[in-house]
Structures are given as C-alpha cells and as structure tokens.
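Enquirer: Can you read through this structure? Questions will come right after.
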C-alpha cells in the first residue's frame with residue numbers, strides 16, 4: 001500500500017473494496033465474471049477488493065458499473081454540489097465592474 005496517502009484515505013479505500021466484494025458476493029457473481037465485464041484481470045479485481053490505492057480510478061469505476069451500482073458517485077466533484085468552492089467564488093467577485101476600452 002502507498003504509505004504516502006493519509007491513513008483516512010487508505011481506510012476508506014479498504015472499506016470501498018470490502019463493500020464492492022460484498023456487493024459481488026450478494027449478487028453471487030464470480031470474480032472472473034466481474035473482471036471480464038469490467039475489462040480488467042482477476043488480479044486487478046482482487047486488488048480493488050482489498051482497496052489497493054495503486055489501482056486506477058477507472059478500474060474502480062468499471063467494477064462499480066459492472067456490479068450495477070450506477071454512476072451517481074461521479075457527481076462527487078460536481079460544481080453545483082461544492083459549497084466551499086461556491087463560497088470562494090462569491091468572495092472573489094469584484095465589488096464593481098469597469099468598462100474596458102476598445
């Protein structure tokens with residue numbers, strides 16, 4: 001595991017991997033089937049199920065989709081769902097607007 005990552009991220013990835021494994025098992029789908037549907041190897045799927053941070057986010061996304069869990073998670077960084085970013089934008093608004101000369 002990447003020791004550079006904060007422990008919170010490592011724990012959350014491990015939890016995500018465990019959740020994906022449980023979702024696969026509840027659906028009674030073999031690892032090879034999900035790996036094939038995701039376009040990854042069985043070994044990569046095993047790494048995902050362990051929460052390996054070295055696996056690309058695209059592979060995690062493919063497994064989530066192959067399990068039928070949808071794509072709603074992709075809105076995590078949606079600008080409309082970012083109150084901190086919106087507040088920072090508001091702070092940066094100019095107090096007045098000057099016309100530019102042409």
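Enquirer: I'd like the orientation of helix 83-92 relative to the chain: the angle between its Cα long axis and the longest Cα principal axis, in ° from 0 to 90, rounded to 10.
Expert: Taking Cα atoms only, the helix is inclined about 20 degrees.
Enquirer: Turning to a different aspect of this structure: For 42, 27, which order do you get if you count the other beta carbons within 10 Å of each Cβ and list the fewest first?
Expert: Fewest to most other Cβ atoms nearby, the residues stand as 27, 42.
Enquirer: Then there is this: What does the extension gain come out to for residue 14 and residue 90, with contour length at 0.36 nm per residue minus their alpha carbon separation?
Expert: Going from the current span to full extension adds 23.7 nm.
Enquirer: Let me know the whole percent of all Cα-Cα pairs from segment 22-62 that are separated by more than 17 Å.
Expert: For segment 22-62, the share of Cα pairs beyond 17 Å comes to 20 percent.
Enquirer: When only Cα pairs under 8 Å and 6 or more residues apart are kept, what is the percent relative contact order across segment 7-73?
Expert: 38
Enquirer: Let me ask you something else. Can you order the peptides 80-90, 4-14 by their average number of other Cβ atoms within 10 Å per residue, highest first?
Expert: Packing order, densest peptide first, comes out as 4-14, 80-90.
Enquirer: Segment 65-102 to segment 3-25: how many Å between their Cα centroids?
Expert: 27
Enquirer: Let me ask something else. Treating the Cα atoms of the chain as identical point scatterers in vacuum, please give the log10 of the normalised Debye intensity I(q)/I(0) at q = 0.17, 0.22 Å⁻¹, two decimals.
Expert: Listed by q, the Debye log ratios stand at -0.82, -1.14.
Values in this text are rule-based calculations from the coordinates and carry no lab data. Remember, it's a predicted structure, so these values are computed and weren't measured experimentally. So basically every Cβ, Gly included, is an ideal-geometry build from the backbone, and we count neighbours across all protein chains shown.
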